[in-house]
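Below: the structure, in structure tokens.
The values are calculated or read from the model by the stated rules, or taken from the named source; none is laboratory data. Just so we're clear, the structure is a prediction, and the values are computed from it rather than from any experiment. Methodologically, a virtual Cβ is constructed for each residue, glycine included, from the backbone with ideal geometry; neighbour enumeration extends over all protein chains shown.
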Amino acid sequence: MKRYFVPLLLFSALFLAASCEPEGPADKEPEPPVAEDIIEIPDEHFKHLLVNTNSIDTNGDQEGDSDIDLNNDGEIQRSEAEAVQGLLLHFDYTTIERYVDLSGIEHFINVTSLTVTGKGGIYDINKPDPKLLTYDFTALKKLEFLQVNHLASNYFEKFDLRGLTNLVELDLSHNRPTWYGDDEDYKEPYNFIEVKMQGLNRLKKMSFLNSFLYVDFCEVPALQILDMWYLEGGEPETFDFHCLTKLEWLNISENHIDNLILKNSSVLTTLLVRDIGSAPNSYLPHVEYICIDDISEEFEQIATLRDENTVVVTDCSF
Ligand SMILES: [Ca+2]
Ligand SMILES: [Ca+2]
Ligand SMILES: [Ca+2]
């Protein structure tokens with residue numbers, strides 16, 4: 001036994017020495033940053049806002065507190081994007097002279113509150129822009145509040161919000177065309193933005209004051225509060241609320257309404273219809289066709305919207 005002791009000790013010492021030996025030069029080099037660690041933001045104005053302005057709201061008060069670039073390297077690391085919960089994008093369209101491509105927004109997977117707005121407009125064109133933008137927010141699965149305002153609707157094809165199951169409040173006000181052409185061109189599709197909302201099962205509140213949008217309210221069945229005041233040319237052919245069985249508060253004031261469907265198995269707590277039909281100082285005509293629930297309270301709610309020419313029914317199909 002004894003004669004093996006020394007070699008064993010020696011072997012152990014050699015093993016220890018080997019394991020304590022510094023790593024080879026190949027392993028010593030720090031890992032170069034891999035491409036995935038930097039978020040690509042193709043639009044320079046979007047990236048500038050993120051990296052150089054207080055676009056990040058860290059305390060949820062809708063005021064910016066810091067820029068995104070925590071390590072001040074001029075780039076947006078994935079960890080920096082994923083740390084953001086409140087994002088405020090206030091663009092100055094007067095300076096930029098175009099609308100901004102938000103490609104790259106899909107990396108902000110932990111954002112719960114997003115505001116996209118701006119000042120100024122683009123009024124120097126005399127025809128629709130052939131290259132329309134789409135804002136795709138479908139990757140922002142934690143989004144609870146979304147506000148997109150002050151875009152010219154003739155520059156946009158759609159807002160894609162599908163599958164945002166946590167979204168509770170949506171404000172799409174003040175998105176209207178900057179180009180009208182002749183009066184009959186108002187209703188041309190290029191003046192409207194399509195809003196895709198399938199799966200927004202928790203949406204409670206929606207506003208699109210003074211906007212030109214194509215929406216299908218059957219995609220947002222939990223809606224309780226809806227503001228469609230003063231669409232100013234963006235009125236749908238039919239104001240159709242038959243899917244909104246939980247709707248309590250509705251403002252459709254100051255609109256030209258041909259067809260109105262309020263039949264939804266419930267009665268609104270509040271219906272605002274200022275400036276229409278027999279309302280004081282009204283300048284808009286009575287509604288031609290109204291379908292309501294067979295409930296006297298609802299019949300009374302539409303009193304100023306109807307005259308002797310209005311067809312009022314309770315048995316409409318959709
Ligand atoms: Ca703040
Ligand atoms: Ca950075
Ligand atoms: Ca009703």
inquiry  = Are there helices (runs of 4 or more DSSP H) fully within region 1-66 with at least 3 residues that are at pLDDT below 95? List them.
reply    = 2-20, 25-28
task = Out of the residues in region 296-316 that are β-branched (Val, Ile, Thr) and in contact (Cβ under 8 Å) with a residue 40 or more places away in the chain, state the one that is farthest from ligand 1 (Cβ to nearest atom).
result = 314
key: Selection from region 156-206 of residues that are hydroxyl-bearing (Ser, Thr, Tyr) and modelled with pLDDT of 90 or more   = 165, 173
ask   = Looking at 293, 227, 275, which is the one that is of a type in the set (Asp, Glu), in contact (Cβ under 8 Å) with a residue 12 or more places away in the chain and within 16 Å of ligand 3 (Cβ to nearest atom)?
value = 293
key: Answer residue from region 44-69, given it is more than 16 Å from ligand 1 (Cβ to nearest atom) and within 20 Å of residue 112 (Cα to Cα) and is surrounded by the most Cβ atoms within 10 Å (Cβ to Cβ) among those   = 46
note = With criteria (1) farther than 23 Å from residue 200 by Cα; (2) part of a loop (DSSP other than H, G, I, E, B); (3) of a type in the set (D, E, K, R), residue 235 comes up short on (1)
